[in-house]
Amino acid sequence: MQLGKQFNSDIVHLSVMNTHIVVLHAMEDITELLERRSTKYSSRMPSPIFPLVGMENFTPFLSYGDALRKQRRILDEGMKKDMIPSYHHIQGEKVHLFLDQLLRDPTEIKEHCKTLGISITMGVAFGYDLVPGQKDQYVELADFVIDTTQGLVLPGRTLIPVLPFLKHIPTWFPGAFTQRLCARVKKASVEYRNRPFEFVKTNMAAGLSKHCVLQQLIENHTDDNGFCKDEETIKNAMAGLYIGRLPFHPLGQSVLMPIHRRSRYAVYREVLRWRPVTPFGFPHSTDEDDIYKGLYIPKGMIYSPMDRAITRNEERYPEPELFRPERYFTKEGTLNKDTVTSYAFGFGRRVCPGRHLADTAMWLMMASVLTTFNISKARDEHGNEIDVDDQAFTDTLAMHPLPFKCSITSRSQQAESLVREAAFAANLQI
């Protein structure tokens with residue numbers, strides 16, 4: 001962003017060790033390249049890390065082509081907008097359990113938020129229920145695979161992306177720490193990919209399966225002889241859903257917020273804008289040469305849409321660093337047309353397939369918390385308020401707030417009772 005201001009350009013080109021990256025700051029350029037010219041700008045930069053960890057065929061990492069199109073059709077089939085209402089009850093149950101956990105131990109809000117995101121993703125995708133407060137072997141396995149891989153692909157973590165021939169060094173070779181780590185991840189990723197499929201198929205055979213995306217896909221793609229003809233495609237596509245698990249973060253009336261009420265949607269929009277989860281976006285790559293605004297764009301160039309630059313456009317969002325939900329209201333007091341979701345979930349043919357689920361789930365969580373809890377600054381032993389640094393976030397591909405103290409209390413005795421009753425009912429469904 002600083003370079004863009006320095007050179008008065010919304011397009012910034014960086015070259016790092018023969019890797020060329022173009023960072024897009026303006027919606028005009030992002031829309032033109034990643035959406036209108038999406039046939040050229042929908043690929044991914046191949047990385048030698050993904051084959052080493054067994055994730056080269058997972059949807060988020062596939063280059064544009066037949067395999068990606070087939071997986072995207074599968075995901076769109078299971079996650080299309082008109083299917084999401086059939087999963088509202090799952091979202092509601094998980095949010096109710098989250099509220100109960102927050103009521104019991106508000107100091108662990110970060111962990112509760114993480115559990116909520118995973119719970120909704122696992123429940124909707126696989127009909128798999130997590131027990132709040134208990135470790136889950138599958139979640140630990142998946143987190144190991146995803147977190148380790150994310151670390152390995154970050155620039156500077158290993159020389160393999162720079163010197164690809166290093167991937168051929170055997171695991172027994174002295175000093176081959178990365179190769180041994182990748183071998184462990186690859187073994188775990190095979191289990192991570194296969195276990196949910198077997199879980200759902202076993203439950204379907206026993207008549208115990210819950211309504212979920214994977215069950216629906218298996219049923220739709222199984223022939224009269226009981227053979228699932230797209231099993232490998234479905235496995236690879238569904239494995240990508242956990243990678244994009246819902247990114248709930250801590251946030252700073254007397255009834256639980258039902259799914260259809262949008263009275264606090266302005267707060268939800270401002271949360272998405274104020275701190276985009278992926279400030280640097282998810283990079284695309286070009287499949288062929290192109291010309292744009294007189295600039296030559298060679299095949300293989302990496303294009304990164306910078307979400308943070310969009311959200312800091314002062315013409316669109318005056319005083320962008322301030323958290324101001326009122327910016328989404330018209331003079332008449334109605335919500336304006338800026339939904340923020342036009343850039344929060346990606347662009348073009350790589351837009352997040354789970355965006356409709358994420359949209360309803362995140363809004364429900366935020367609205368329910370604000371309805372049932374008072375959130376304020378914590379106080380020290382002398383009764384003085386402890387300030388919260390609103391700039392204290394991780395500097396990573398997926399941004400998270402650093403630990404902070406706050407006070408979270410129920411709004412009323414009635415709200416507390418409703419939370420406990422709703423959680424009791426949700427626990428009966430596990």
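The values are calculated or read from the model by the stated rules, or taken from the named source; none is laboratory data. Because the structure is predicted, anything quoted here is derived from the model rather than measured. Quick reminder, even Gly has a Cβ in these numbers, built from the backbone with ideal geometry, and neighbours come from all protein chains shown. Remember, those area values only see protein heavy atoms, side chains included, never the ligands or the DNA or RNA. Shrake-Rupley method; radii C 1.70, N 1.55, O 1.52, S 1.80 Å.
Taking strands (runs of 3 or more DSSP E) as the structural unit, those lying wholly within segment 286-352 and holding at least 2 residues that are in contact with a helix residue (DSSP H, G or I) (Cβ under 7 Å, 6 or more places away or on another chain) correspond to 302-305. Taken residue by residue, segment 382-400 has at least one member that is assigned to a strand (DSSP E or B) and either surrounded by fewer than 16 Cβ atoms within 10 Å (Cβ to Cβ) or among the aliphatic types (A, V, I, L, M) (or both).
In segment 15-39, the residues that are on the phi > 0 side of the Ramachandran plot form Cβ pairs under 7 Å with partners that are open to solvent by 40 Å² or more (accessible area, probe 1.4 Å), at six or more places apart or across chains, as follows: Met17/Val162. Checked against the criterion of being under 24 Å from Cys182 (Cα atoms), surrounded by fewer than 17 Cβ atoms within 10 Å (Cβ to Cβ) and hydroxyl-bearing (Ser, Thr, Tyr), the candidates Ser63, Ser47, Ser9 yield just one match: Ser63. The selection criterion, being open to solvent by 40 Å² or more (accessible area, probe 1.4 Å) and either in contact with an Asp or Glu (Cβ under 8 Å, 6 or more places away or on another chain) or within 30 Å of Ser38 (Cβ to Cβ) (or both), does not hold for Thr330. Check whether at least one residue in segment 407-424 is out of contact with any helix residue (DSSP H, G or I) (no Cβ under 9 Å at 6 or more places or on another chain), more than 30 Å from Leu214 (Cβ to Cβ) and modelled with pLDDT under 90, and report yes or no. No, the conditions are met nowhere in segment 407-424.
Of the numbered criteria (1) touching a Phe, Trp or Tyr at 6+ places or on another chain (Cβ under 9 Å); (2) under 26 Å from Val213 (Cβ atoms), the one Glu77 fails is (1). Restricting Ala344, Ala378, Ala423 to residues that are of a type in the set (A, V, I, L, M, F, W, C) and touching a His at 6+ places or on another chain (Cβ under 8 Å) narrows the list to Ala423. Suppose the filter is closer than 20 Å to Glu77 by Cα, of a type in the set (D, E, K, R) and open to solvent by 40 Å² or more (accessible area, probe 1.4 Å); does Lys186 pass it? When the stated conditions are applied, Lys186 does not pass them.
Contact map, segment 320-346: residues that are within 16 Å of Arg308 (Cα to Cα) paired with residues that are among the acidic types (Asp, Glu) and in a loop (DSSP other than H, G, I, E, B), Cβ distance under 8 Å, separation 6+ or inter-chain. Pairs shown: Pro320/Glu314; Phe323/Asp390. With respect to Ile74, is the statement that it is modelled with pLDDT under 95, over 29 Å from Thr148 (Cβ atoms), in a helix (DSSP H, G or I) and open to solvent by less than 40 Å² (accessible area, probe 1.4 Å) true? In short, no.
Every residue in segment 124-145 that is within 27 Å of Asp100 (Cβ to Cβ) and in a helix (DSSP H, G or I), please. Of everything in segment 124-145, those that are within 27 Å of Asp100 (Cβ to Cβ) and in a helix (DSSP H, G or I) turn out to be Val124, Ala125, Phe126, Gln137, Tyr138, Val139, Glu140, Leu141, Ala142, Asp143.
Scanning segment 353-377 for residues that are of a type outside the set (A, V, I, L, M, F, W, C), over 14 Å from the mean Cα position of the chain (by Cα) and not in a helix (DSSP H, G or I) gives Asn374, Ser376, Lys377. When you look at Val23, is it buried (at least 21 other Cβ atoms within 10 Å of the Cβ), farther than 27 Å from Asp307 by Cα, in contact with a Ser or Thr (Cβ under 8 Å, 6 or more places away or on another chain) and modelled with pLDDT of 90 or more, yes or no? Judged against the criteria, Val23 is not a match.
Every test in (1) open to solvent by 30 Å² or more (accessible area, probe 1.4 Å); (2) modelled with pLDDT of 90 or more; (3) closer than 30 Å to Asp287 by Cα is passed by Glu321 save one, and that test is (3).
Which count do you get for residues in segment 226-269 that are open to solvent by 30 Å² or more (accessible area, probe 1.4 Å), modelled with pLDDT of 85 or more and of a type outside the set (A, V, I, L, M)? So the answer is 4. Of Lys201, Lys210, which residue is farther than 30 Å from Leu159 by Cα, open to solvent by 40 Å² or more (accessible area, probe 1.4 Å) and part of a loop (DSSP other than H, G, I, E, B)? The unique qualifying residue is Lys210.
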